[in-house]
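Notes follow the structure.
The numbers here are math on the coordinates, done by the rules we state, and not lab data. Here the structure is a predicted model, which means the values were calculated and not measured. Methodologically, a virtual Cβ is constructed for each residue, glycine included, from the backbone with ideal geometry; neighbour enumeration extends over all protein chains shown.
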C-alpha cells in the first residue's frame, strides 16, 4: 500500500506509522482538526516547543499532575507531622527551657512541615511529569525515521500509527499531502538485530 | 487634504504602540532556528582555551578548599578562628552568604515565570544553575562546622540504637530540612526544565558518546503534545512551589539568628532582612556571571539583551533600597527598644574594634545600588559588572557583620573577644568560590545555558495565528 512512499526502518517488518512534517504550527493544527473529523485517533504530534491550542485541538484532557501534587503534598504534611510529633511527644521528649512539645506548640513544627511538603510536592511534580509523559523510554520505533531523529527540533511532526482502526496508508498519504505535509514517510519497525535509536 | 489627518493619527498610533510594545525577547528578529543554533553552538563547539584555563584555576581552588576541609576534619575545628564567645564565624557567614545568593536564582526563574515576565526567560536557566551550585557551596558548611563530621547523621531523624532523636524545636534542625528541600527542589526545577533542551542536543549529537549521554539525560523526550501538556503543568506547579520555598528557606535561615535572645539578632525583621539581602546579592551574582559570558560568546548579546540586563539592574536597585531601609530600621529599632544590650550591640558594631566590617558593608550597600538610578550607569556594562561584584562584597561583609560582631559582644563584657580568621578559614572560603565556578564552568560547557523551548515559544510568529496575542 505504501510502496510509493519513502520508507524508514526495515521494509520487511510491519508498518508502525506514517510520519509527516509540517512547516508551520498552523498547518499542524489544521491537520489535527482534519484527522479528528476523519475519526482517526491514534496519532501524535511532535513539536520543538509547546504550541498554544494544540492540546485543545487534539482534545487532550487537562493534566492530572496538579491532583497528584496535591496528594503528594497532603501526604507529606501527615508524614512530617508524625515524624516530628511521635518522637517529640512519645519516644524521646526533649524538653528545652520547659517549653511544651505537644500540639499546643504547633508553630515550632510548622517549618519542617512546610519544607517537606514543598519537597515532596516538587518530587511528585517532576516524577509525575516523567511517568505521565511515557518516560523514561530510550527507544522508540519513530527513531528509525532519520529525518525525525535528527530534525525534531526544526519542524512540526505528525505520526499516525498503523494500529488505528481507520488507518489506510494510501488514503492517509493523500490526505497528508492535501494538508500541505512534506516528507511523508512510511515508518516500519526495525529488524530485531539492528540496534535501536541510531 | 481630507486624508492628511488620518495619516497623522495612524502615525501617532504607531508611535504610541511602539512606545508601549515590549522590548524584543531576541534582538535582530532572529527566528527559532537561530536560537537553537546559537545556544547549542556553545555546547557543541570546540572547547575554548580560556575554558581549560578557567577550570584549572577554579578546580585548583576547589581542591585547595577540599584539602582545608580534610585538614579541619582530621585536626578539629580549632584550626578555624572561631572560639568562645564567637562560635559561629566564617562557617555560618559563608553558609548564609551562599544560600542567600541562591535565592535570587529561584526568584528570577520561578516568581518571574509565574508573573509572566518574559524578559527573564533567557537568564532564568543560568540563574537556576547558580542557585543549585550556590546551595552546594552553602551545604558544605553546616555539614563540617559541627566538628565531628562523622556524627552528621544525628541531624536526621533516623531510628538508632541510642534511642535518640533530634530536637525538632530547634531552628538549626529546621535548617537541615530547609536546605535539603531547597537543594532537592531547585535541582529538580533546573533539571526538569532542561529535559526538552537536552533532547535537542541528543538529536543534534554527532558522536556516539554525546548521543548516548544526552540520550540518557533527556529520558527519551520526544516533544509530543501529551508530554508538553504535562510538562507545562509541571513547570507552573514547580514555579509555585519554588517561590514559596524561597521565602520559607530564608525565613528559616533567618530564624537561626532571630529565635535566639542574643542582642542584635533577636528581631522580627530578620526574615525580611535576609530575603531582600538574598535577592540583592543574587541579582548581583547573576550580572557578575552573565556579563562575561556575553563578552565571550557574541551570539549571547542578541539573547541577553541590554534591556533585560537593565531590568536586572532595576531589581538590584529595588532590593538594594530595601536593604538600606532595613539597615536604618534596625538602628531605629535598637534605639527605640530602649534596651541597653540591644543599643550596646549596635553601638559596638559601629564603634568597636571590628567597626570596619559594618563600615565596609554600609558604605557599599547604601551607595553602590543607588547608582543604578541612572540609566547611563545601567547601560554601561563594564561598570555594571564592577558594581555587581562590589554589591556581593558588600553583602559578604553584611553577613560577616551580622554573625560575628553580634557574637563577639554579647551580654557578658568579660567574655568579649574579637574574631580573627585563620588561614584555613580564608582558604576554605576561597575553596567554595572554586567549587562554585568549577560547577558553573561545567554547566556552560555541557548543558544548554538557556531554555530554548521557552524562548522559542515566546518569539513572535512561533505560535499559531489565532493565539499569537498574549492570552495569558
**Request:** Could you work out, residue by residue across A:147-153, how many beta carbons of other chains sit within 10 Å of that residue's beta carbon, and then give the average as an integer?
**Result:** 5
**Prompt:** Peptides B:70-77, A:11-18: what's the order by average Cβ count within 10 Å, highest mean first?
**Reply:** A:11-18, B:70-77
**Message:** Treating the stretch B:362-472 as a set of equal point scatterers at the Cα positions, no solvent, please give the Debye-formula log₁₀ I(q)/I(0) at q = 0.14, 0.22 Å⁻¹.
**Reply:** -0.95, -1.16
**Message:** Using Stokes-Einstein with the Kirkwood hydrodynamic radius over Cα pairs, what translational diffusion coefficient do you get for chain B at 37 °C and a viscosity of 0.692 mPa s, in µm²/s rounded to a whole number?
**Reply:** 136
**Asked** So what is the 222 nm mean residue ellipticity for chain A from helices alone, if each DSSP H run of at least 4 adds -39500 (n - 2.57) and you divide by all residues, rounding to the nearest 500 deg cm²/dmol?
**Response** -13000 deg cm²/dmol
**Message:** Helix-only estimate, please: 222 nm mean residue ellipticity of chain B, summing -39500 (n - 2.57) across DSSP H runs of length 4 or more and dividing by its residues, to the nearest 500.
**Reply:** -23000 deg cm²/dmol
**Item:** Inter-probe distance in nm under a simple model that places probes 7 Å from Cα toward Cβ, at residue B:115 and residue B:383
**Value:** 2.6
**Prompt:** Taking other Cβ within 10 Å of each residue's Cβ, how do B:135, A:79, B:42 sort, fewest first?
**Reply:** A:79, B:42, B:135
**Prompt:** Quick one: helix B:306-337 against the long Cα principal axis of chain B, what's the angle to the nearest 10°, folded into 0 to 90?
**Reply:** 30
**Message:** For the ranges B:21-28, B:109-116, what's the packing order if you count other beta-carbon atoms within 10 Å of each residue, average per peptide, and put the highest first?
**Reply:** B:109-116, B:21-28
**Prompt:** Can you give the extra length, in nm with one decimal, that the chain gains between residue B:160 and residue B:411 once fully stretched, where that is 0.36 nm per residue apart less the Cα-Cα distance?
**Reply:** 86.6 nm
**Asked** Which whole-number percentage describes the relative contact order of the stretch B:123-230, with Cα contacts under 8 Å and a sequence gap of 6 or more?
**Response** 22
**Residue order, fewest to most surrounding Cβ atoms within 10 angstrom, among B:46, A:23** = B:46, A:23
**Message:** I'd like the mean, over residues of B:29-40, of how many other protein chain beta carbons sit within 10 Å of each residue's own Cβ.
**Reply:** 1
**Complete:** Note on the stretch A:65-132: the mean projected area of its alpha-carbon convex hull, in nm², is 4.9
**Message:** For chain B, take the longest principal axis of its alpha carbons; what is the angle in degrees between that and the long axis of helix B:270-296, to the nearest 10 within 0 to 90?
**Reply:** 50
**Request:** Along Cα→Cβ, 7 Å out, is where each label goes; now give me the distance between the ones at residue B:260 and residue B:356 in nm to one decimal.
**Result:** 2.4
**Request:** Please give the FRET efficiency for residue B:63 paired with residue A:33, using the beta carbon to beta carbon distance and R0 = 51 Å, rounded to the nearest 0.05.
**Result:** 0.30
**Fill in**
The equivalent-ellipsoid semi-axes of the stretch B:107-189, taken as the square roots of five times the Cα gyration tensor eigenvalues and listed largest first in whole Å, are 34, 14, 9
**Prompt:** With axes computed from alpha carbons, what is the tilt in degrees of helix B:423-446 against the longest principal axis of chain B, rounded to the nearest 10 within 0 to 90?
**Reply:** 20
**Asked** Normalised by the residues of chain B, what does the relative contact order come to in percent, with Cα pairs under 8 Å and at least six apart?
**Response** 30
**Asked** Relative contact order (percent) for the stretch A:65-132, with alpha-carbon contacts under 8 angstrom and 6 or more residues of separation?
**Response** 56
**Prompt:** By count of other Cβ within 10 Å, fewest leading, how are B:418, B:175 ordered?
**Reply:** B:418, B:175
**Complete:** Note: the stretch B:213-321 at 20 °C, 1.002 mPa s; Kirkwood Rh on alpha carbon pairs; Stokes-Einstein D in µm²/s works out to 122
**Request:** Could I have the simple spin-label model distance between residue A:56 and residue A:174, label points 7 Å from Cα toward Cβ, reported in nm to one decimal?
**Result:** 3.3
**Request:** Partner chain Cβ atoms within 10 Å, averaged over the residues of B:183-196 - can you pull that number for me?
**Result:** 3
**Asked** Quick one: Kirkwood hydrodynamic radius for chain A, alpha-carbon pairs, angstrom, one decimal?
**Response** 20.6
**Prompt:** Which whole-percent values make up P(r) of the protein assembly as shown when all C-alpha to C-alpha distances are grouped in 20 Å steps starting at zero?
**Reply:** 16, 45, 29, 9, 1
**Evaluated at q = 0.17 Å⁻¹: base-10 log I(q)/I(0), Debye formula over Cα of the stretch B:264-343** = -0.72
